[in-house]
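Chemist: Provided herewith is a single structure, encoded as structure tokens, for subsequent inquiry.
The values are calculated or read from the model by the stated rules, or taken from the named source; none is laboratory data. Treat the numbers as computed from the prediction; the structure is a model and nothing was measured. Neighbour counts are summed over all protein chains in view; Cβ atoms, including those assigned to glycine, are modelled from backbone coordinates with ideal geometry. With ligands, DNA and RNA removed, areas are computed over all heavy atoms of the protein, side chains included. Shrake-Rupley method; radii C 1.70, N 1.55, O 1.52, S 1.80 Å.
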Amino acid sequence: AVVSTQSTGGLVCSTSFFVNFIAISYHSAKAIPFTSMIAIAAICLFIVLPLTMIGTSFGKNISGTLDPPCRINPVPRQIPEKRWFMEPRFIAFAGGVLPFGSVFIEMYFIFTSFWAYKIYYVYGFMLLVYGILAIVTICVTIVAIYFLLNSEDYRWQWTSFISAASTGFYIYIYAIYYFIFKTKMYGLFQTVFYFANMLVFSIGFAIMCGTIGYLACRLFVYKIYGTVKID
């Protein structure tokens, strides 16, 4: 938890600081003072990090030890060879295609509200699209992990997270397409400002989808292995 918090927070802060330094060099009105940047960094180091460590320790003590649904062999077994499309790397790369396909039309309107300064007002439809995204992510990730486990590959934890999180990668690819064909931005500052913000947005989207996919797969794996009877 500490590593994930600091890596995500560090990436967001470093990206924001980099964009802000460029904004200061261009004397942009969007630039924030250097003292405010120092204050934000101090908040991350002296408030967010200690609270994360306290929360991690508190949650670990409450949850207790891991309670697997069935007996686990302490010695990991050898994973047999399988077809290339059953490899975790391919599953992780292809797992985000369908979730991205369920939201890419809505992404156009969201990006237009961000970068074309048009008012976005269909929040109810966006909530519906979010529900569809969650359902598609859960179904795709569970099916992918089922085939992975069926091929006697037990490495489902990170595969489930990365498979769902790869949706953020396709979001960023779409952001590149949108910048080239749908915007009229030019120059170093506008380009860096666009791609830096889209990078943070895509990473946040990836973490959200990855969390949904992992939690769904964890429930699925515990459910199917909880019914296994081992004498």
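Chemist: Determine, from the Cβ-Cβ distance of residue 81 and residue 173 and an R0 of 22 Å, the FRET efficiency 1/(1 + (r/R0)^6), rounded to the nearest 0.05. Write out the running numbers ahead of the final one.
Modeler: Working: r = 31 Å, r/R0 = 1.42.
Here the calculated transfer efficiency is 0.10.
Chemist: Could I ask something else about it? For a quick protection proxy, order the peptides 49-60, 157-168 by their average other-Cβ count within 10 Å, most packed first.
Modeler: Details: 49-60: 12.1, 157-168: 24.2.
The most tightly packed comes first, giving 157-168, 49-60.
Chemist: Is the shape of segment 172-231 best called rounded, prolate or oblate, per the rule: a/c under 1.5 gives rounded, else a/b larger than b/c gives prolate, else oblate, with a ≥ b ≥ c the square roots of the Cα gyration tensor eigenvalues?
Modeler: prolate
Chemist: Given the rule -39500 (n - 2.57) for each run of at least 4 DSSP H residues, summed and divided by the residues of the chain, what is its mean residue ellipticity at 222 nm, to the nearest 500 deg cm²/dmol?
Modeler: Helix-only estimate at 222 nm: -24000 deg cm²/dmol.
Chemist: On a C-alpha basis, how far is the centre of segment 139-157 from the centre of segment 172-220 in Å? Whole number, if you could?
Modeler: Each part's Cα centre sits 26 Å from the other's.
Chemist: Cα axis of helix 188-226 to longest principal axis of the chain: angle in degrees, 0 to 90, nearest 10?
Modeler: Value to nearest ten degrees: 20.
Chemist: Next question, about the same structure. Based on the Cβ-Cβ distance from residue 225 to residue 192, what FRET efficiency comes out when R0 is 35 Å, to the nearest 0.05? Write out the running numbers ahead of the final one.
Modeler: Numbers: r = 48 Å, r/R0 = 1.37.
Taking R0 as 35 Å, the efficiency between residue 225 and residue 192 is 0.15.
Chemist: Follow-up. Please express the Cα-Cα pair-distance distribution P(r) of the chain as a list of whole percents, one per 10 Å bin, running from 0 to the bin with the greatest distance.
Modeler: Each 10 Å bin holds this share of Cα pairs: 7, 23, 29, 25, 12, 4, 0, 0.
Chemist: If you take the square roots of the eigenvalues of the alpha-carbon gyration tensor of segment 30-148 and sort them as a ≥ b ≥ c, do you get rounded (a/c under 1.5), prolate (a/b over b/c) or oblate?
Modeler: It is oblate, given that a/c is not under 1.5 and a/b is not larger than b/c.
Chemist: Tell me the carbon and sulfur percent of the accessible area for the chain, rounded to whole percent, probe radius 1.4 Å.
Modeler: Exposed carbon and sulfur together represent 72 percent of the surface.
Chemist: Output the Kirkwood hydrodynamic radius of segment 125-231, Cα pairs only, in Å rounded to one decimal.
Modeler: Kirkwood radius, segment 125-231: 15.7 Å.
Chemist: Roughly how big is segment 39-146's charge dipole about its Cα centre, with Cβ charges of +1 (Lys, Arg) and -1 (Asp, Glu), in debye to the nearest 20?
Modeler: Details: 7 positive and 4 negative charges, 46 e Å.
In debye, rounded to 20, segment 39-146 gives about 220.
Chemist: As I understand it, the dipole of the chain uses +1 on the Cβ of Lys and Arg and -1 on the Cβ of Asp and Glu, about the Cα centre. Which of 28, 94, 59 lies farthest toward its positive end?
Modeler: Value: 28.
Chemist: Still on this structure, please answer the following. With everything on Cα atoms, drop me the angle between helix 49-63 and the longest principal axis of the chain, reported from 0 to 90° to the nearest 10.
Modeler: The two axes meet at around 20 degrees.
Chemist: Rounded, prolate or oblate: which fits segment 92-188, taking a ≥ b ≥ c as square roots of the Cα gyration tensor eigenvalues, rounded meaning a/c under 1.5, else prolate when a/b beats b/c?
Modeler: On the way: a/c = 3.98, a/b = 1.90, b/c = 2.10.
It is oblate, given that a/c is not under 1.5 and a/b is not larger than b/c.
Chemist: Explain nothing, just the number: dipole magnitude of the chain about its Cα centre with +1 on each Lys and Arg Cβ and -1 on each Asp and Glu Cβ, in debye rounded to the nearest 20.
Modeler: For this selection, approximately 120 debye.
Chemist: Let me ask something else about it. With 31 Å as the limit, write out which pairs from 30/60; 60/223; 30/182 have Cα-Cα distances beyond it, or answer none.
Modeler: 30/60
Chemist: Here's a follow-up. When we measure straight from the Cα of residue 118, which aspartates and glutamates land under 19 angstrom away, once same-chain ones fewer than 8 places off are left out?
Modeler: Reachable aspartates and glutamates: 106.
Chemist: State the extension gain, in nm to one decimal, for the chain segment bounded by residue 45 and residue 109, taking 0.36 nm per residue of separation less the distance between their alpha-carbons.
Modeler: Between residue 45 and residue 109, full extension yields 19.4 nm more.
Chemist: Could you check the simple spin-label distance between residue 18 and residue 157, using points 7 Å along Cα→Cβ, in nm with one decimal?
Modeler: Here the modelled spin labels are 3.0 nm apart.
Chemist: Moving on. Can you tell which of 175, 137, 158 lies farthest toward the positive end of the dipole of segment 78-225, using +1 and -1 charges on the Cβ of basic and acidic side chains (Lys, Arg; Asp, Glu)?
Modeler: Toward the positive end, the furthest listed residue is 175.
Chemist: Let me ask you something else. Determine the principal axes of the Cα atoms in segment 77-121, then give the extent along each, sorted from largest to smallest and rounded to whole angstroms.
Modeler: For segment 77-121, the Cα spread along each principal axis is 55, 14, 14 Å.
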